[in-house]
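The structure appears below as structure tokens.
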Amino acid sequence: FKGAVSCMVLGFVKPPSGTDWCAMSQNSRPLLVLKVGTSTLIASDEVGQRVRLANVACLVELIVTLKREGNDVVLVSSGAVGMGCIKLGMEKPKSVRMKQAVAAAGQSHLMQLYEDLFSTMRTHIAQLLISQNDFLDKEHWTNIKHTILQSLALGLVPIINENDSTNTPELRFGDNDNLAAVTAVQLQADALFMFSDVDFLYTANPRSDPTATPIRVVTEPWALQVDTGLGSDLGTGGMATKIVAARTASTAGIPVGLINGCEAFRLRTFLRYMEQVTSNSSNPELPEGTFFMAMKSNKTVSDTRRWILSLPASGEVVLDNGACQAVANKKSLFPSGIRSINGRFLRNEAVRLLHRGSEVGRAIVNYSSEELEKIKGQKSNAFEQLLGFPGCAEACYRDNIMLTTDDELLKDVGVKEPSRSRARSVPQAFQRQVTPPSTDQ
């Protein structure tokens, strides 16, 4: 077990009665994004590293079966560095330059493995290597998105990995969990499934706490509190990063499943559960893993808001009660409602919006951190004197704000202080330099 969480499972909300989850898809065919980590693909012990061929073969068979049943599948796969270590007969390198070289050697090895296995089932693949920089420019990402969609139209299985051989630390996602989440968000996927080396998310570390129990359904991913532990030698992600990824995807209305990578076909139990829930079954059969429910939304998430979720947060803006209620009511954020600024950022960069220590949204700011420090808590008629130039009234336009917490809860923040049982601690995500907790990538 690579991490533990504490959470409250609250308010199970079912979609309208009599609907089918496939029929609710915005895509012509249901689109599933699958993410597999290094620890699922590669074993590491005192003998050395080796490919877990049974796991990889089972994953390939699952993907081909899903495609033949009418689904489109995008695979986000780690493993370049691990495959490079196997190819070169060495342990995982520590320096950035050596990791890049080993990844360059291992990426072709990894794709050859996938090519050979998929070809046995008469299925072809396409490779895309992506960096966080590809998400910074909206037009650039749109081109990548169209490449993925066209690959799907050709019947291919797009396999996406972070470009570890050339990426610099400041342009890395840090782990493929976040890459999978933002890919799912941008593609408007119908579900995201992350394969790990554990069966469930637990209330505590089951290896050290005998009272730990599995969490089968998380109705509010944004309410989780994370306690991170150590993980495998080859990967760079962790349970905390998976929870962050689940939060990101669920915010955009995408359900997420956490599955043991050694039992890939357990994914079918999630599809069955989703069908039973959307058909208003009175007693849906729980999936064999942990299911993170999508956050309910009153309208479709716009392209701009999905893009904002994909951007690295350069800083934080702390809101007062009034500002928090305003953004919950789909209004713009004004400097008068800002309490404090954390970090340094420029105009038009993405920031996290915080209230009482928890993230409530993401936004594109109209002012730099230095400028906001001067005008926070002030009315717009004082801006020109404080800044030395006339500025816009809004710190963030309403169309450039994406809520990451249930808006109904935020509308009541000024009524009373939250009880201890509802207190939340939200892990930080998408920082420019990520130091992940380490387990399977």
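The values are calculated or read from the model by the stated rules, or taken from the named source; none is laboratory data. Just so it is clear, the structure is predicted and the values come from calculations on it, not from any experiment. Using ideal geometry, Cβ is built from the backbone for each residue, glycine included, and neighbour counts are taken over all protein chains shown. Surface accessibility is based on the protein's heavy atoms, side chains included, excluding ligands, DNA and RNA. Shrake-Rupley method; radii C 1.70, N 1.55, O 1.52, S 1.80 Å.
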What is the residue count in the range 264-299 for residues that are part of a loop (DSSP other than H, G, I, E, B), in contact with a helix residue (DSSP H, G or I) (Cβ under 7 Å, 6 or more places away or on another chain) and within 19 Å of ALA184 (Cβ to Cβ)? 5
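Kindly check whether there is at least one residue in the range 40-48 that is under 25 Å from SER151 (Cβ atoms) and either out of contact with any His (no Cβ under 8 Å at 6 or more places or on another chain) or of a type in the set (Lys, Arg) (or both).
There is at least one residue in the range 40-48 that is under 25 Å from SER151 (Cβ atoms) and either out of contact with any His (no Cβ under 8 Å at 6 or more places or on another chain) or of a type in the set (Lys, Arg) (or both).
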Taking the residues in the range 221-244 that are charged (D, E, K, R) and at pLDDT below 80 as candidates, determine which candidate is surrounded by the fewest Cβ atoms within 10 Å (Cβ to Cβ). ASP227
Got a sec? Which of MET83, MET90 is in contact (Cβ under 8 Å) with a residue 12 or more places away in the chain and buried (at least 23 other Cβ atoms within 10 Å of the Cβ)? MET83
Quick check on my filter: what residues within the range 300-327 are open to solvent by 30 Å² or more (accessible area, probe 1.4 Å), hydroxyl-bearing (Ser, Thr, Tyr) and assigned to a helix (DSSP H, G or I)? THR304
Within the range 157-188, residues part of a loop (DSSP other than H, G, I, E, B), open to solvent by less than 40 Å² (accessible area, probe 1.4 Å) and either touching a strand residue (DSSP E or B) at 6+ places or on another chain (Cβ under 7 Å) or modelled with pLDDT of 95 or more (or both) come out as ASN163, PHE173, LEU187
Restricting attention to the range 241-263, and to residues there that are more than 10 Å from the chain's Cα centre (by Cα) and part of a helix (DSSP H, G or I), which single residue is nearest to MET402 (Cα to Cα)? GLY261
Within the range 356-373, of all residues that are touching a Gly at 6+ places or on another chain (Cβ under 8 Å) and over 11 Å from VAL317 (Cβ atoms), the one surrounded by the most Cβ atoms within 10 Å (Cβ to Cβ) is GLU371
Which residues, counting only those in the range 360-372, are within 18 Å of TYR397 (Cα to Cα) and outside any loop (DSSP other than H, G, I, E, B)? VAL360, GLY361, ARG362, ALA363, ILE364, SER369, GLU371, LEU372
Consider ALA126 carefully, then state whether it is closer than 20 Å to ASN176 by Cβ, open to solvent by 10 Å² or more (accessible area, probe 1.4 Å) and part of a strand (DSSP E or B). yes
Picked from the range 328-355 (must be in a helix (DSSP H, G or I) and open to solvent by less than 20 Å² (accessible area, probe 1.4 Å)), the residue nearest to ASP407 (Cα to Cα) is ALA328
Does LEU136 satisfy the condition of being of a type outside the set (Gly, Ala, Ser), over 21 Å from ASN55 (Cα atoms), open to solvent by less than 70 Å² (accessible area, probe 1.4 Å) and touching a strand residue (DSSP E or B) at 6+ places or on another chain (Cβ under 6 Å)? no
Kindly indicate which of LEU66, LEU110, LEU34 is open to solvent by less than 20 Å² (accessible area, probe 1.4 Å), closer than 29 Å to SER282 by Cα, at pLDDT 90 or above and in a helix (DSSP H, G or I). LEU66
